[in-house]
Amino acid sequence: MRSTTRAVALAGLLVASAITVTGPAQADVSICDQYGTTTVQGRYVVQNNRWGSSATQCINVTSTGFRITQQAGSAPTNGAPLSYPSVYLGCHYGNCSPGSNLPMQVSRIRSASSSITYRYTGGTYNASYDIWLDPTPKTNGVNQVEIMIWFNRQGSIQPIGSQVGTGTVGGRTWQVWRGSNGANNVISYVAPSPINSWSFSVLDFVNDVRNRGMITTSWYLTSIQAGFEPWNGGVGLGVDNFSASVGG
């Protein structure tokens, strides 16, 4: 549901995200419903989340992730993307993953590890890993700060706001962008070249954002999400493997 130019489509996002439905807790299923979801591994939610388009989008859900199997939409690259098909741990507009211990106050978090393997193909899209934070333990609606990690960027798209420099997080160098979509602040870390697979500490990014003065340790981590924002094409894009764990 994230967009690099979300202000235009934000009203539709809020209404649409509120009506997400949960499907059966199984894998190897196809989801074409606009906001259809299912669970995998008994701990993560996979969502089709076609919030920015009325065109058909379908995903095939596996036991460890998903793949886009149909994408009929197209959007101008200076506007919002079509969707945010993704897998997540935590809470997204009132739909919390099974057994989740999120939201959790940052001061209580002792570890937050994650591993992701992406599958890339042609099209205009970003591979976006989202970390959401809020000053309250919010499980519904928009959080105040969104961290976007761009593992891959294809086409003439860019993050919200403007580039404020570069930074090293998790042993990697990133372009750092900051801005607002009118509803929440966004900080984006853009990889200079595609990253296919990575195991890392989510806390490294949370702490970098805290050091930049955007949050404090009294804030809450509400969800960890990984997926794609497609503008054009994207059939074959997939998250082959996703895992995340937060310990307090």
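For the reader, a short list of remarks on this structure follows.
- Restricting attention to region 124-148, the residues that are polar (S, T, N, Q) and open to solvent by less than 20 Å² (accessible area, probe 1.4 Å) total 3.
- Restricting region 98-115 to residues that are open to solvent by less than 40 Å² (accessible area, probe 1.4 Å) and in contact with a Ser or Thr (Cβ under 7 Å, 6 or more places away or on another chain), the residue that is farthest from residue 247 (Cα to Cα) is 115.
- Close contacts from region 181-192, counting a first residue that is closer than 17 Å to residue 207 by Cα and a second that is in a strand (DSSP E or B) and among the acidic types (Asp, Glu), with Cβ to Cβ under 7 Å and a gap of 6+ residues or different chains, come to 186/146.
- Residues that are of a type outside the set (Phe, Trp, Tyr) and closer than 22 Å to residue 155 by Cβ, drawn from region 198-233: 225, 226, 227, 229, 230, 232, 233
- Taken over region 193-219, the residue count meeting the criterion of being open to solvent by 50 Å² or more (accessible area, probe 1.4 Å) and touching a residue at least 12 places away in the same chain (Cβ under 8 Å) is 10.
- Set side by side, the residues 82, 89 differ, and just one is assigned to a strand (DSSP E or B), among the aliphatic types (A, V, I, L, M) and touching a Lys or Arg at 6+ places or on another chain (Cβ under 8 Å), which is 89.
- Per-region count, region 47-66, residues surrounded by fewer than 24 Cβ atoms within 10 Å (Cβ to Cβ) and in contact (Cβ under 8 Å) with a residue 24 or more places away in the chain: 8
- The combined condition, being part of a strand (DSSP E or B) and either under 22 Å from residue 142 (Cα atoms) or open to solvent by less than 30 Å² (accessible area, probe 1.4 Å) (or both), is not fulfilled by residue 69.
Rundown of residues vs (1) within 18 Å of residue 78 (Cβ to Cβ); (2) polar (S, T, N, Q); (3) modelled with pLDDT under 95; (4) open to solvent by 10 Å² or more (accessible area, probe 1.4 Å), yes/no style:
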site: 150; (1), (2), (3), (4): yes, no, no, no
site: 168; (1), (2), (3), (4): no, yes, no, yes
site: 182; (1), (2), (3), (4): yes, no, yes, yes
site: 236; (1), (2), (3), (4): no, no, no, yes
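Okay, residues lined up against (1) among the aromatic types (Phe, Trp, Tyr); (2) in contact with a helix residue (DSSP H, G or I) (Cβ under 7 Å, 6 or more places away or on another chain); (3) in a loop (DSSP other than H, G, I, E, B); (4) more than 30 Å from residue 55 (Cα to Cα):
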position	(1), (2), (3), (4)
188	no, no, no, no
207	no, no, no, yes
217	no, yes, yes, yes
223	no, no, no, no
231	yes, no, no, no
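- Within this structure, residue 203 fails the test of being closer than 16 Å to residue 104 by Cα and in a strand (DSSP E or B).
The values are calculated or read from the model by the stated rules, or taken from the named source; none is laboratory data. Since we're looking at a predicted model, the values are computed, not measured. Glycine gets a Cβ as well: all are built from the backbone with ideal geometry, and neighbour counts include every protein chain shown. Surface accessibility is based on the protein's heavy atoms, side chains included, excluding ligands, DNA and RNA. Shrake-Rupley method; radii C 1.70, N 1.55, O 1.52, S 1.80 Å.
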